[in-house]
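First the structure, in the form of structure tokens, and then the observations on it.
Read-outs throughout are calculated quantities, based only on the coordinates presented, and are distinct from any laboratory measurement. Computed from a prediction, not measured in an experiment: that's the story for all the values here. We place every Cβ from the backbone using ideal geometry, glycine too, and count neighbours over all the protein chains shown.
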Amino acid sequence: MSINYNDTKLAGVHARSLSDKEGFWGEQAQHIDWFEQPKQVLDFSNPPFARWYVGGSTNLCHNAVDRHLKDRANQKALVYISTETNEEKVYSYAELHQEVQRMAAIMQSLGVKRGDRVLVYMPMIAEAIFAILACARIGAIHSVVFGGFAAPSLAARIDDATPVLMISSDAGMRNGKEVPYKHLVDEACSLAAKPPKHVLLVNRGLAKMDLVAGRDVDYAQARAQNMNAQVPCEKMQATDPSYILYTSGTTGKPKGVQRDTGGYAVALAASMKHIYDCKPGEVFFCTSDIGWVVGHSYIIYGPLINGSTTIVYEGLPLRPDPAIWWSIVERYQVSTMFSSPTAARVLKKQDPAYMTQHNTKCLRRLFLAGEPLDEPTAKWISEALGGARIIDNYWQTETGWPILSAQHGLEVTETKFGSPSFPVYGYDIRLVHESTFEEVGANEKGMLCAMPPLPPGCLQTVWGDDERFVKTYFSAVPGQHLYSTFDYATRDDDGYYFILGRTDDVINVAGHRLGTREIEEAIQAHKNVAEVAVVGVADTLKGQMPMAFAVLKDASVAATPEGAKAEEKAIMATVDHEIGAIARPSRVHFVTLLPKTRSGKLLRRAMQALAEGRDPGDMTTLEDPSALEQIKKALGA
Ligand code: PRX
């Protein structure tokens with residue numbers, strides 16, 4: 001059955017969210033607790049900066065924990081499951097409240113004050129969630145760095161956020177193997193210009209850990225001294241920053257996306273109701289990592305603000321066997337799940353019998369986001385799961401919650417494979433032609449933009465750099481403050497949107513966002529590399545994989561097949577060391593010349609097209625045609 005967006009109730013809600021912003025968002029604000037009600041819903045006197053809920057005071061930790069104590073003290077708040085260490089622990093809201101207060105007291109004893117930054121570099125363990133919530137409780141600004149990032153990446157984030165405290169652990173575990181953290185912490189502290197004064201360490205007993213006297217503090221010992229701690233929630237202004245989360249863009253240096261407090265709480269509370277349609281008391285299972293925006297919003301804050309139970313899972317979808325997720329769904333009666341298309345593709349490669357071993361009737365919806373959801377995978381998982389609806393939703397680190405999605409809490413609408421459906425309330429979406437800047441019609445490709453003010457919960461600014469915020473996000477269309485997502489999209493005749501990929505040099509590897517420039521800079525750290533280009537190449541499992549084309553200073557080392565292999569390996573190891581294995585190129589090809597225009601611009605799209613077996617298109621601006629021939633030869637084309 002085909003529907004047209006204009007005939008839906010959603011279209012009406014969306015129109016009102018834009019025409020009566022104050023009324024709409026004023027109502028949504030009533031889903032959270034305030035210490036003081038906002039005096040003004042929106043202050044947009046200094047565009048494109050939007051200040052939501054001015055004069056209101058609240059606290060994210062109060063909304064996620066304390067306010068549920070009245071009705072849900074004994075309800076499960078957090079279920080921690082590790083198939084790596086075979087642990088399973090359940091924390092009620094009352095227990096979570098206690099653990100967060102202990103953590104908050106430890107932080108205070110280490111000198112952390114309101115407005116200070118705390119860097120969280122941790123594996124998927126319950127203590128990471130205590131740490132994040134404790135920051136919110138005392139008004140410290142957390143910056144979580146994904147555990148897969150290596151020491152130089154960690155050091156760059158330390159230097160930008162200048163935390164007074166870092167919280168980490170001895171090690172994580174992945175696929176049965178220990179992933180050490182502590183030595184990366186030590187290395188990052190020695191690389192950083194201004195390392196944190198203290199490092200609080202959770203010892204899981206997985207790796208040997210030497211504590212640095214005067215700097216390092218053992219969490220278990222500190223916790224033992226704070227068992228009965230009572231730390232009240234700070235009254236934060238709605239517009240006070242709650243966290244910084246670094247993300248990749250076109251330039252090499254990651255940007256610190258800065259989020260507010262009140263707007264974020266309201267946006268997440270509203271999304272749990274209207275988009276995810278998960279009720280308080282129900283169980284939400286998000287398979288992301290706390291180091292990514294999905295983890296921030298939908299492992300931690302969203303489900304807890306909603307009074308739901310959140311599952312924190314450390315492990316792979318395949319261990320001990322590919323039915324593990326469905327066994328968790330059955331055991332804890334999960335109603336709503338959130339994962340990535342790559343994870344679905346991984347499961348699709350396994351024996352289908354694993355999909356039906358468990359009774360997953362309780363699962364109403366599986367949300368997938370972070371990268372394009374291909375039609376075969378969407379069809380397969382929706383059939384394999386029987387009853388559960390598969391919902392593709394599209395958003396970004398910058399927005400913190402969906403831009404495009406079905407919104408079944410408001411109205412159940414038909415979905416189309418390959419489409420994240422419709423604009424979410426609050427986003428004034430414009431599809432703009434990339435050279436004429438006119439709005440495009442149905443089925444025409446445009447840049448996906450949004451007219452500010454961006455709704456509550458979206459980034460306030462780039463940490464410490466308002467100018468970069470305006471320049472990066474609001475300058476795609478000359479003379480206008482239009483927010484650019486850096487994605488191309490189309491809208492069909494029925495009003496459904498389809499995402500067509502990035503307009504910039506960002507690639508998406510298994511849902512992880514990486515800048516090709518960032519990877520190029522890492523490769524340049526290898527002493528024999530003169531010049532390098534990195535492009536994202538389509539991959540059937542991970543969506544995209546980075547591929548590098550490098551010009552060596554001394555090409556003789558790669559003159560033989562063995563020499564080339566060894567040099568390729570060494571370059572891959574450099575990427576592992578500089579950024580982390582998530583950014584490792586699938587291949588490094590050696591050439592003596594990179595394809596460039598006469599003005600010296602790298603022709604990345606041409607290299608990408610050739611690597612994907614496509615026609616590179618119009619090459620009239622190419623300076624030296626032999627460069628392209630070399631790429632073809634390297635690819636064996
Ligand atoms: O290119 C889009 C892609 O991922 C980018 C944002 O990545 P990140 O900041 O890591 O935030 C992920 C939050 C879910 C987008 O600019 N992307 C995200 N969701 C989708 C998507 N591409 C296609 N379909 C999606 N549903």
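The figures follow:
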| quantity | calculated |
| --- | --- |
| Length released on extending from E22 to F44, taking residue separation times 0.36 nm less the Cα-Cα span | 6.8 nm |
| Anisotropy class of the chain from Cα gyration tensor, a/c 1.5 cut | rounded |
| Cut-off under 5 Å, modelled amide H: who pairs with I167 long-range | L119, V120, Y121, L200 |
| Length added when fully stretched, K633-L211, from 0.36 nm per residue minus Cα-Cα | 146.7 nm |
| Shape category assigned to segment 256-391 from the gyration tensor of Cα positions, a/c cut at 1.5 | prolate |
| Nearby lysines by direct alpha-carbon distance to K235 (threshold 16 angstrom, same-chain neighbours under 8 apart not counted) | K39, K113 |
| Geometric extent, Cα atoms of segment 211-271 - Rg, Dmax (angstrom) | 17.8, 48 |
| Contour excess over end-to-end distance, with Cα ends at K70 and L541 and 0.36 nm allotted per residue | 165.0 nm |
| Helix-only CD estimate at 222 nm, as mean residue ellipticity for the chain, using -39500 (n - 2.57) per DSSP H run (n ≥ 4) | -8500 deg cm²/dmol |
| 29 Å Cα-Cα threshold exceeded, pairs from K565/K632; K601/K632; K182/K253; K253/K596; K182/K273 | K182/K273 |
| Gyration tensor (alpha-carbon) shape descriptor, segment 467-618, a/c threshold 1.5 | prolate |
| Value of Rg/Rh across segment 172-294 [Cα atoms, Kirkwood radius] | 1.01 |
| Sorted by Cβ density within 10 Å, fewest first, the residues L110, L603 | L110, L603 |
| Net charge of Cβ neighbours under 12 Å - reference R598; Lys, Arg +1; Asp, Glu -1 | 0 |
| Two-site label geometry, E562 and A530: point separation in nm, points 7 Å out along Cα→Cβ | 2.6 |
| Exposure proxy ranking, count of Cβ atoms within 10 Å, fewest first, for T261, T540, T251 | T540, T251, T261 |
| Residue order, fewest to most surrounding Cβ atoms within 10 angstrom, among T620, T560, T503 | T620, T560, T503 |
| Contact order relative to length of the chain, as percent, for alpha carbon pairs under 8 angstrom and 6 or more apart | 13 |
| Relative packing of 461-469, 184-192, which averages over residues the other C-beta atoms within 10 Å, highest first | 184-192, 461-469 |
| Distance (nanometres) between label positions extended 7 Å along Cα→Cβ at T621 and F417 | 3.7 |
| Surrounding net charge for K197, when Lys and Arg each add one and Asp and Glu each subtract one, Cβ distance under 13 Å | +2 |
| Inter-centroid distance (Cα atoms) of segment 410-469 relative to segment 593-637, Å | 32 |
| Two-site label geometry, A581 and K471: point separation in nm, points 7 Å out along Cα→Cβ | 3.7 |
